[in-house]
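Visitor: Pasting a structure here, questions to come.
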Amino acid sequence: MTISKPYKAAVVQAAPDFLNLQGSVDKAISLIEEAARNGARLVSFPECFLPGYPFWVWLDAPIWGMQFVQRYFNNAMLADGVEAQRLLQAAIDNDIFVSMGYVEKAGGTLYIAQLFLDPVQRRATPRRKLKATHVERTVFGEGDGSDFAVFDTEIGKLGQLCCWEHLHPLNKFAMYSMHEQVHLAAWPCFALYQGKAYALGPELNNSVSQVYAAEGGCFVLAATSVMTEAQRDVLCQTDAHRDLLPLGGGSSMIFGPDGSRLCEPLAADEEGLLYADIDLDLIALAKTAADPVGHYARNDVFRVFMDQGSRSALEASQAADAYGRSWQLLDPED
């Protein structure tokens with residue numbers, strides 16, 4: 001049952017311990033604990049926070065980038081592995097809902113993913129980005145329809161998407177149709193190609209998150225990472241690389257269901273947490289004007305079909321449930 005009173009939510013703007021899964025998990029848990037100490041019931045993390053975004057694919061030829069491949073694979077996270085269990089336990093211990101951006105390892109394939117951690121049900125549910133963007137496709141596999149889900153929790157109906165999934169109209173319409181109330185948007189940092197590719201920068205992509213809030217009549221927690229000197233030293237081996245990947249790029253923000261900004265931004269090179277109050281009653285006011293899947297829709301003119309079944313190389317006749325590949329930590333008292 002959804003609580004009716006407002007609650008505090010937090011969004012992360014921070015750098016991972018780059019290419020170090022254990023260190024990145026430690027940092028994530030520290031941020032989860034900090035958000036909870038400050039009264040947050042929900043915290044959202046950037047894309048690929050564990051163990052970092054593979055910026056090398058944007059910097060040079062594929063053969064040059066092969067030097068990072070094994071290390072990246074070794075530091076990717078299993079959706080139900082020891083590190084994921086540590087994160088769920090941290091959510092439970094701190095009574096806080098968490099959306100964790102991570103690189104998922106499954107067999108020999110990596111996926112851009114988000115892990116939704118529910119401390120009340122003691123449940124973790126992974127999802128994968130439907131389609132990796134541009135050169136990301138040299139690193140990551142694809143998700144499927146089962147990766148679109150909205151979770152009905154005591155703090156509202158919560159959903160997630162990664163990065164440029166927010167630029168695809170049908171992705172957004174699918175989420176709106178599930179009556180999402182709080183959307184958890186995972187982005188990398190916006191330092192890459194700064195001043196060279198407007199479409200990859202903070203102005204456009206923050207606008208995308210803002211429009212998502214106004215279109216969907218929902219709150220949006222848009223989390224971004226930060227490019228630090230330590231990360232850039234690992235990634236950049238020439239002046240040309242450093243020119244393509246400057247420092248900073250943080251641009252986290254929280255938007256209300258009318259598209260308004262609900263907190264003050266941090267500096268682009270600053271790490272920390274941003275907070276805002278989530279009052280679900282404001283959604284009704286926003287949707288009085290326009291509900292894209294209700295009174296403002298024209299179902300007689302437009303129809304959208306969505307296949308929410310899971311896909312694999314081996315087909316099996318088994319229906320997907322709402323929680324997909326989710327798993328639980330049992331209460332020691334059970």
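Bear in mind these aren't lab numbers, they're just calculated from the coordinates by the rules spelled out. Here the structure is a predicted model, which is why all the values come from computation and not from measurement. With ideal geometry, Cβ positions are generated from the backbone for all residues, glycine too; neighbour counts draw on all protein chains shown.
Visitor: Just how many pairs of Lys in the chain have C-alpha atoms closer than 23 Å, counting pairs that are eight or more places apart or on different chains?
Guide: 14
Visitor: Now for a separate question. Give the angle, between 0 and 90 degrees and rounded to the nearest 10, that separates the Cα long axis of helix 202-216 from the longest principal axis of the Cα atoms of the chain.
Guide: The angle comes out at about 20 degrees.
Visitor: Now a separate question. Let me make sure I get this right: for the range 232-325, a, b and c are the square roots of the gyration tensor eigenvalues over alpha carbons, sorted descending. Under 1.5 in a/c it's rounded, otherwise prolate if a/b > b/c, else oblate. Which is it?
Guide: oblate
Visitor: Shifting gears a bit: Each residue of the range 220-231 in turn: what ³J(HN,Hα) in whole Hz from Karplus with 6.51, -1.76, 1.60 and θ = phi - 60°, glycine and Pro shown as x?
Guide: For the range 220-231, the Karplus curve yields 10, 9, 9, 9, 10, 9, 10, 8, 9, 4, 4, 5 Hz.
Visitor: A follow-up question, please. Enter the Cα centre distance for the pair the range 126-174 and the range 290-310, rounded to the nearest angstrom.
Guide: Their Cα centres are 17 Å away from one another.
Visitor: Let's test the formula: R0 of 45 Å, r as the Cβ-Cβ distance of Gln67 and Ala199. What FRET efficiency results, to the nearest 0.05?
Guide: About 0.95, to the nearest 0.05.
Visitor: Ser24: net charge of surrounding residues, Cβ under 11 Å, Lys/Arg +1, Asp/Glu -1, itself excluded?
Guide: Charge balance near Ser24 sits at -2.
Visitor: Starting from the Cα gyration tensor of the range 186-240, take the square roots of the eigenvalues, sort them a ≥ b ≥ c, and report rounded, prolate or oblate (rounded when a/c is under 1.5, otherwise prolate if a/b is larger than b/c, else oblate).
Guide: oblate
Visitor: Additional query: Any idea what angle helix 21-37 forms with the longest principal axis of the chain, computed on alpha-carbon atoms, 0 to 90 degrees, nearest 10?
Guide: Helix 21-37 sits roughly 40 degrees off the main axis of the chain.
Visitor: Report the label-to-label distance for Ser30 and Glu264 in nanometres (one decimal), using points 7 Å from each Cα along the Cα→Cβ vector.
Guide: 2.4 nm
Visitor: Among His168, His241, rank each residue by its count of other Cβ atoms within 10 Å, from fewest to most, as a rough exposure measure.
Guide: The most exposed by this proxy come first: His168, His241.
Visitor: Next up: Taking Cα atoms, how many degrees apart are the long axis of helix 82-94 and the longest axis of the chain, rounded to 10 and kept between 0 and 90?
Guide: 50 degrees
Visitor: Determine the relative contact order of the chain: mean sequence separation of Cα pairs under 8 Å and six or more apart, normalised by residue count, in whole percent.
Guide: Here the relative contact order equals 21 percent.
Visitor: GNM, the chain, Cα, under 10 Å: largest mean-square fluctuation among Lys129, Lys105, Lys172?
Guide: Lys172
Visitor: What shape does the range 81-192 take by its C-alpha gyration tensor, where a ≥ b ≥ c are the square roots of the eigenvalues and a/c under 1.5 counts as rounded, a/b above b/c as prolate, and the rest as oblate?
Guide: oblate
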